[in-house]
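Q: Could you have a look at this structure, given as structure tokens, before my questions?
The values are calculated or read from the model by the stated rules, or taken from the named source; none is laboratory data. The structure displayed is predicted, hence computed values, not measured ones. Please note: Cβ atoms are built from the backbone with ideal geometry, for glycine as well, and neighbour counts cover all protein chains shown.
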């Protein structure tokens, strides 16, 4: 449009005069739009592709694991290579036992440390302890096994459930401490101050106000740690090793003997050339994933109950 | 004083208080001692091997227990090579998922779906994008919850058969490229790298998404206001601002990849060689430990402890660097707010 006097007048009346609307249309022929469109497609496609493994794993577990899952598989002892049937009952017991012992060992230490960090967290010892917990978060799980081997297996002279539990405990402790510290810090300060004002000692305030209020958050951390420990294999292969027998026999717990666990059973049987054992490995994987997920879901549900400011 | 609501603590209560506080302090000290003890225990157990093999242990390539020759350069190479490639895979997918979650794609998708179906927006549906985002985040976190031994099993029975045709074709037609230089033999670097990438992806997605979301909204709005397209905004403003946070997450994921054991022990092939080929079997430090420890004699144990110490050193270094970067990133963003 040529800029003459009449045009100026119309422009004043019509705010859209002088604008070429065809230029404002979104068109893929423009490089900027095309680039944006291509990148949008790429990101969406990549995200969808990233979820493919999840569906593939879930499908394989449900199909190959579900096929073999039965009461016999859950209650019988592992089969020898050429044998048919069998199950992984002792591995379930072993996994539960070791994770249970590890939880009993680590929860008191974890919570007491978290109380210390949350209440007098400014000092040098607190800083160092927090740093130690963070270092342990990134600690490769296999090294927990190496340590438990050096500290327990070599000392007692035998692979054992206790060594396995200690290795698992090292991996659980940082999660428990760091989540519990966050949960304790999220308790409103006025609640504590009210307790102190009523004449409670700091310890009474901790036990009667701080810990009960933060309990859901603390339990979330514990359940997340349990979920992680239940799925760990690397710390167990040379601490608890494996066993084809029951952990408890004739009313006696063989805690100082090699012990079976689901994770190690999967590892051992996955490399076998026998179909029966491979099928059992899939069924055990299904059970293991369900156990880990159950622990995770319990943890998540608890965390929703947490009191916040 | 008749039944007062409040009263000062008794002497017993004060004593209990002191004891409990000391107890808490002692457990914190115990934790510190535990970490020191772990490092010392591995170091002292590896000391005999350190004295015998010295630094040659890190640079030699032979692992032959029969001749008493031990060196772990192929394992160090394999650890770094698989971790770097796995990190590449994990970063591409993890970052894409983070951008997808953080940049409003879900809202757009919901809007498009509703217009396509000619539905009106009802009040309750405004939360739909957030719900979907929560669901997607949970799915990604689910990837992190699956135990690594299950990934190993899946890798053996799904990934290896799936990539076999492509790998055979690549070797046959592009065999002159060093990456495809050896024939595909099943377990090897490529399946290990793919599974490793999937395993570390959730870490990268979670940290990157946090970093992207904590970019101050005014920066984004300013870029849009200047007429930038969504991707121009992402590349020129959002990614540079969030770069340090994302990088810290990537370094932490690298630390995880270095220490990852079971999936690699099952998929990498456990072969003592140095090769850049994606199809060649290899070995990593963690897989070496996992496979050799159960049958090790006293002398072998010392050697493996030395290898464990090397792994510990590498992962510790990477983790400390990652944590430091993340800490600086959060400080930098506080400044931008």
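Q: For residue B:94, are the conditions met, namely being over 25 Å from residue A:144 (Cα atoms) and loosely packed, with under 14 Cβ neighbours inside 10 Å?
A: Values: over 25 Å from residue A:144 (Cα atoms): yes; loosely packed, with under 14 Cβ neighbours inside 10 Å: no.
When the stated conditions are applied, residue B:94 does not pass them.
Q: Further, regarding this structure: Answer yes if at least one residue in segment B:275-285 is touching a residue at least 60 places away in the same chain (Cβ under 8 Å) and touching a strand residue (DSSP E or B) at 6+ places or on another chain (Cβ under 9 Å), and no otherwise. Give the steps one after another, and end with the answer.
A: Taking segment B:275-285 and keeping what is touching a residue at least 60 places away in the same chain (Cβ under 8 Å), we get B:275-285.
Now restrict to residues that are touching a strand residue (DSSP E or B) at 6+ places or on another chain (Cβ under 9 Å): B:283.
Looking through segment B:275-285, at least one residue is touching a residue at least 60 places away in the same chain (Cβ under 8 Å) and touching a strand residue (DSSP E or B) at 6+ places or on another chain (Cβ under 9 Å).
Q: Consider residue A:197 against the criteria (1) within 24 Å of residue A:305 (Cα to Cα); (2) surrounded by fewer than 18 Cβ atoms within 10 Å (Cβ to Cβ); (3) over 22 Å from the mean Cα position of the chain (by Cα): it satisfies all of them except one. Which criterion is unmet?
A: For residue A:197, the failing item is (1).
Q: Is there a residue in segment B:133-150 that is at pLDDT below 90, under 28 Å from residue A:43 (Cβ atoms) and more than 14 Å from every other protein chain (Cβ to nearest Cβ)?
A: Within segment B:133-150 (the criterion being at pLDDT below 90, under 28 Å from residue A:43 (Cβ atoms) and more than 14 Å from every other protein chain (Cβ to nearest Cβ)), the answer is no, since none of the residues qualifies.
Q: Which pairs do you get when a residue that is at pLDDT below 85, found in segment A:27-40, comes within reach of a residue that is surrounded by 11 or more Cβ atoms within 10 Å (Cβ to Cβ) and in a helix (DSSP H, G or I), reach meaning Cβ atoms under 8 angstrom, with the pair 6+ apart or on two chains?
A: A:27/A:33; A:28/A:34; A:28/A:37
Q: Among the listed residues A:267, A:238, A:274, identify the single one that is at pLDDT below 90 and either under 16 Å from residue A:172 (Cα atoms) or within 23 Å of the chain's Cα centre (by Cα) (or both). Walk me through how you get there before you give the answer.
A: Values: A:267 fails: at pLDDT below 90; A:274 fails: either under 16 Å from residue A:172 (Cα atoms) or within 23 Å of the chain's Cα centre (by Cα) (or both).
After applying the criteria, what remains is A:238.
Q: Okay, moving on. Can you name every one of the helices (runs of 4 or more DSSP H) wholly within segment B:146-240 that holds 2 or more residues which are surrounded by fewer than 21 Cβ atoms within 10 Å (Cβ to Cβ)?
A: B:160-174, B:189-213, B:217-225, B:230-233
Q: Filter segment B:99-127 down to the residues that are within 9 Å of chain A (Cβ to nearest Cβ) and touching a helix residue (DSSP H, G or I) at 6+ places or on another chain (Cβ under 7 Å) and list them by number.
A: Scanning segment B:99-127 gives B:99, B:100, B:101, B:103, B:105.
Q: Would you check if residue B:75 is part of a helix (DSSP H, G or I) and at pLDDT below 90? Quick ask: steps written out before the conclusion?
A: Numbers: part of a helix (DSSP H, G or I): yes; at pLDDT below 90: no.
So residue B:75 fails the test.
Q: I want to confirm something. Restricting to segment B:241-251 and keeping residues that are within 13 Å of another protein chain (Cβ to nearest Cβ) and crowded, with 23+ Cβ neighbours inside 10 Å, which single residue is farthest from residue A:37 (Cα to Cα)? Outline the logic, then answer.
A: Let us first name the residues in segment B:241-251 that are within 13 Å of another protein chain (Cβ to nearest Cβ), namely B:248-249, B:251.
Pick out the ones that are also crowded, with 23+ Cβ neighbours inside 10 Å and you get B:248-249.
Numbers: B:248: 29, B:249: 28 Å.
If we take residues in segment B:241-251 being within 13 Å of another protein chain (Cβ to nearest Cβ) and crowded, with 23+ Cβ neighbours inside 10 Å, then B:248 is farthest from residue A:37 (Cα to Cα).
Q: Of the residues A:188, A:212, only one is away from chain B (no Cβ under 13 Å), touching a residue at least 60 places away in the same chain (Cβ under 8 Å) and surrounded by fewer than 19 Cβ atoms within 10 Å (Cβ to Cβ); which? Walk me through it before giving the result.
A: Numbers: A:212 fails: touching a residue at least 60 places away in the same chain (Cβ under 8 Å).
So the residue among A:188, A:212 that is away from chain B (no Cβ under 13 Å), touching a residue at least 60 places away in the same chain (Cβ under 8 Å) and surrounded by fewer than 19 Cβ atoms within 10 Å (Cβ to Cβ) is A:188.
Q: OK, next. Suppose we filter segment B:297-312 for residues that are within 11 Å of another protein chain (Cβ to nearest Cβ), surrounded by 20 or more Cβ atoms within 10 Å (Cβ to Cβ) and over 21 Å from residue A:135 (Cβ atoms); how many remain?
A: 3
Q: Next up: Could you list, in sequence order, the residues of segment A:144-159 that are under 14 Å from residue A:105 (Cβ atoms) and surrounded by fewer than 24 Cβ atoms within 10 Å (Cβ to Cβ)?
A: In the first step, residues of segment A:144-159 are kept if they are under 14 Å from residue A:105 (Cβ atoms); the result is A:144, A:148, A:151-152.
Selection gives A:151, A:152.
Q: Next question, about the same structure. Only one of (1) in contact (Cβ under 8 Å) with a residue 60 or more places away in the chain; (2) within 14 Å of another protein chain (Cβ to nearest Cβ); (3) surrounded by fewer than 16 Cβ atoms within 10 Å (Cβ to Cβ) is not met by residue A:91, so which one is it?
A: (3)
Q: Could you check, for segment B:257-272, whether at least one of its residues is under 26 Å from residue A:43 (Cα atoms), at pLDDT 85 or above and more than 9 Å from chain A (Cβ to nearest Cβ)? Spell out the reasoning first.
A: Of all residues in segment B:257-272, those under 26 Å from residue A:43 (Cα atoms) come to B:257.
Of the ones still in play, those that are also at pLDDT 85 or above are B:257.
If we keep only those that are more than 9 Å from chain A (Cβ to nearest Cβ) as well, we get B:257.
Yes, because at least one residue in segment B:257-272 is under 26 Å from residue A:43 (Cα atoms), at pLDDT 85 or above and more than 9 Å from chain A (Cβ to nearest Cβ).
Here's the yes/no breakdown for (1) within 10 Å of chain B (Cβ to nearest Cβ); (2) surrounded by fewer than 15 Cβ atoms within 10 Å (Cβ to Cβ); (3) within 27 Å of residue A:110 (Cβ to Cβ):
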{"site": "A:239", "(1), (2), (3)": "yes, no, yes"}
{"site": "A:244", "(1), (2), (3)": "no, yes, no"}
{"site": "A:253", "(1), (2), (3)": "no, yes, yes"}
{"site": "A:271", "(1), (2), (3)": "yes, no, no"}
{"site": "A:277", "(1), (2), (3)": "no, no, no"}
{"site": "A:289", "(1), (2), (3)": "yes, no, yes"}
{"site": "A:295", "(1), (2), (3)": "yes, no, yes"}
{"site": "A:302", "(1), (2), (3)": "no, no, yes"}
{"site": "A:305", "(1), (2), (3)": "no, yes, yes"}
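Q: Take the residues in segment A:134-163 that are at the interface with chain B (Cβ under 8 Å from one of its Cβ atoms) and part of a loop (DSSP other than H, G, I, E, B), then tell me which one is modelled with the highest pLDDT.
A: A:140
Q: For segment B:44-62, name all the residues that are part of a helix (DSSP H, G or I) and in contact with a strand residue (DSSP E or B) (Cβ under 7 Å, 6 or more places away or on another chain).
A: Within segment B:44-62, the subset part of a helix (DSSP H, G or I) is B:44-53, B:56-59.
Those that are part of a helix (DSSP H, G or I) and in contact with a strand residue (DSSP E or B) (Cβ under 7 Å, 6 or more places away or on another chain): B:53, B:57.
Q: Additional query: So residue B:110 ticks every box in (1) closer than 30 Å to residue B:253 by Cα; (2) crowded, with 17+ Cβ neighbours inside 10 Å; (3) modelled with pLDDT under 90 but one. Which box is left unticked?
A: Single failed check for residue B:110: (1).
Q: Sort out which residues of segment B:63-72 are without any contact (Cβ under 8 Å) to a residue 12 or more places away in the chain and either crowded, with 16+ Cβ neighbours inside 10 Å or not in a strand (DSSP E or B) (or both), and write them in order of number. Don't jump to the end; show me each part of the working.
A: Initial filter on segment B:63-72 (without any contact (Cβ under 8 Å) to a residue 12 or more places away in the chain): B:64, B:66-69.
Matches in segment B:63-72: B:66, B:67, B:68.
Q: Can you list the helices (runs of 4 or more DSSP H) lying wholly within segment B:245-337 that have 2 or more residues being touching a helix residue (DSSP H, G or I) at 6+ places or on another chain (Cβ under 6 Å) and under 21 Å from residue B:147 (Cα atoms)? If you could, list the steps in order and put the result at the bottom.
A: Numbers: elements: B:262-267, B:285-292, B:298-336.
Ranges flagged: B:262-267, B:285-292.
Q: Here's a follow-up. Listed residues A:106, A:137; which is touching a residue at least 60 places away in the same chain (Cβ under 8 Å) and out of contact with any strand residue (DSSP E or B) (no Cβ under 6 Å at 6 or more places or on another chain)? Break it down stepwise before answering.
A: Numbers: A:137 fails: touching a residue at least 60 places away in the same chain (Cβ under 8 Å).
Within the list A:106, A:137, the selection yields A:106.
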